[in-house]
Structures are given as C-alpha cells and as structure tokens.
Amino acid sequence: MSVQVHDQLSIIERIERALVLLAYFIELDGDVRLPMYEKFEAELEEHKQALATRQRARRRLAAYTEVGAAGPIRERVHALGGPILTAKASGEHAS
C-alpha cells in the first residue's frame with residue numbers, strides 16, 4: 001500500500017484492516033494475540049461512537065441553521081469572544 005493511500009484511510013478503516021491482520025495471526029499463533037485483538041475492537045467501537053456523535057451534532061446544527069435561528073447563536077458566540085459561525089463553519093454549502 002502506498003503512503004498516499006494509507007493517508008487517505010480513516011482511522012476506522014485502518015483499525016478494521018488491523019483487526020483482519022490480527023485475526024490471521026490468531027489463526028496462526030493461537031490465543032497469544034487475543035488481548036491485542038480485544039484492545040483494537042474496543043478502540044474501533046470508541047471511534048465509531050465518536051463519529052456517530054459528530055454526525056448527530058452536525059445534523060442538529062444544520063437543522064438549526066436551516067430554519068434561520070442561527071443568527072442569535074452567531075451574535076451570542078461572537079459577543080462572548082468566540083468565532084462567528086459562517087456558512088462554511090456550520091457545514092452549509094453555497095448554492
């Protein structure tokens with residue numbers, strides 16, 4: 001696998017590939033690799049949960065900004081010294 005392809009893989013894809021490789025080693029070597037396999041499985045689940053949470057947050061923000069209610073949020077965040085949410089930052093795309 002080239003370095004360029006490896007860089008394009010998400011952490012979830014890389015862990016899934018590692019689990020396949022570990023499964024092969026378990027077949028060859030027996031139970032000695034089971035703790036590592038279990039650790040990778042747990043890491044995979046954590047990353048999938050984090051991804052799902054980010055996706056839910058993005059959907060909530062998109063739904064909120066679609067109804068035009070983001071104005072008060074933008075103003076309040078800016079008043080508190082935070083960044084102003086732009087269409088790009090909130091995940092909206094120009095049409």
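The values are calculated or read from the model by the stated rules, or taken from the named source; none is laboratory data. Computed from a predicted structure; not experimentally measured. Cβ placement follows ideal geometry from the backbone for every residue including glycine, while neighbour counts extend to all protein chains displayed.
Miscellaneous remarks
- Some residue of region 23-39 being under 21 Å from the mean Cα position of the chain (by Cα), loosely packed, with under 14 Cβ neighbours inside 10 Å and either in a helix (DSSP H, G or I) or at pLDDT below 95 (or both): yes
- Count of region 55-95 residues which are part of a helix (DSSP H, G or I), surrounded by fewer than 10 Cβ atoms within 10 Å (Cβ to Cβ) and modelled with pLDDT of 65 or more: 1
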